[in-house]
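The values are calculated or read from the model by the stated rules, or taken from the named source; none is laboratory data. Since this is a predicted model, take the numbers as computed values, not measurements. So basically every Cβ, Gly included, is an ideal-geometry build from the backbone, and we count neighbours across all protein chains shown.
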């Protein structure tokens, strides 16, 4: 089905928790992947990646035309997930809050990749509780200024004290303002001692973010 290239693109990040230890079966992962592939073929989805860390699952999706909750295409995972409290309800997939990025998609035409990326990557970081709002403050300032350059498709989202970031390799170099002007907001973030904000996770080799294995990724 052909869809207009002028349709909006919704970047969504979600976090879920498996109810028990142990790997998710290949059949369940394949069923979710097939659902995502169907939406991709219909033009309703541009990119999708499902990443795992222990019992935590992290989902990145670029939805085209209309927003829809992950329950619609991640339904095979539902029986395996613990509910998250969300106001007066519970949800299987907790929506994460987008806090940092270098570009906003104007529409599907603007956001499409000229060539497929070599790799799609998901990574996470744990913030120290007393540094959480400092991180959000400085990265909100960087976004408002819009001058710091980085990967067009990179994004960082927050839920509780956990960051989930999606990016692609090779990385591009763009900024929100589309200019060559240098960022001044980055000076304040550097002065705030970025390293002091993070809890380094096992396996990260001292890096602030830990790269995660993908259960699947496609686009």
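Mind checking which residues of the stretch 105-135 are modelled with pLDDT under 95 and out of contact with any strand residue (DSSP E or B) (no Cβ under 6 Å at 6 or more places or on another chain)?
Scanning the stretch 105-135 gives 106, 107, 109, 110, 112, 113, 114, 115, 116.
Provide a single number: the residues in the stretch 106-123 that are farther than 16 Å from residue 156 by Cβ, touching a residue at least 40 places away in the same chain (Cβ under 8 Å) and either within 13 Å of the chain's Cα centre (by Cα) or not in a helix (DSSP H, G or I) (or both).
So the count comes out to 7.
Hey, does the stretch 90-101 have a residue that's assigned to a helix (DSSP H, G or I) and either at pLDDT 95 or above or on the phi < 0 side of the Ramachandran plot (or both)? Step through it out loud before you land on a result.
Quick first cut of the stretch 90-101, residues assigned to a helix (DSSP H, G or I) only: none.
No, the stretch 90-101 contains no residue that is assigned to a helix (DSSP H, G or I) and either at pLDDT 95 or above or on the phi < 0 side of the Ramachandran plot (or both).
Would you pick out the residues in the stretch 166-184 that are closer than 12 Å to residue 101 by Cα and either touching a residue at least 60 places away in the same chain (Cβ under 8 Å) or in contact with a helix residue (DSSP H, G or I) (Cβ under 7 Å, 6 or more places away or on another chain) (or both)?
Result: 166, 174, 175, 176.
Would you check if there is a residue in the stretch 124-135 being in a loop (DSSP other than H, G, I, E, B) and either more than 30 Å from residue 34 (Cβ to Cβ) or touching a residue at least 24 places away in the same chain (Cβ under 8 Å) (or both)?
First pass over the stretch 124-135, keeping only residues in a loop (DSSP other than H, G, I, E, B): 128.
Next cut, either more than 30 Å from residue 34 (Cβ to Cβ) or touching a residue at least 24 places away in the same chain (Cβ under 8 Å) (or both) only: 128.
Checking the stretch 124-135: at least one residue is in a loop (DSSP other than H, G, I, E, B) and either more than 30 Å from residue 34 (Cβ to Cβ) or touching a residue at least 24 places away in the same chain (Cβ under 8 Å) (or both).
Across the stretch 74-100, which residue is surrounded by the most Cβ atoms within 10 Å (Cβ to Cβ) among those that are out of contact with any helix residue (DSSP H, G or I) (no Cβ under 7 Å at 6 or more places or on another chain) and closer than 16 Å to residue 10 by Cβ?
96
Any chance the stretch 179-198 includes a residue that's surrounded by 12 or more Cβ atoms within 10 Å (Cβ to Cβ) and in contact with a strand residue (DSSP E or B) (Cβ under 7 Å, 6 or more places away or on another chain)?
yes
Among the listed residues 84, 93, identify the single one that is under 30 Å from residue 20 (Cα atoms) and within 16 Å of the chain's Cα centre (by Cα). Don't jump to the end; show me each part of the working.
Numbers: 84 fails: within 16 Å of the chain's Cα centre (by Cα).
Exactly one residue qualifies, and that residue is 93.
Take residue 36 and decide whether it is more than 17 Å from the chain's Cα centre (by Cα) and touching a residue at least 40 places away in the same chain (Cβ under 8 Å). Before you say what the answer is, go through the steps one by one.
Numbers: more than 17 Å from the chain's Cα centre (by Cα): no; touching a residue at least 40 places away in the same chain (Cβ under 8 Å): yes.
Answer is no for this residue.
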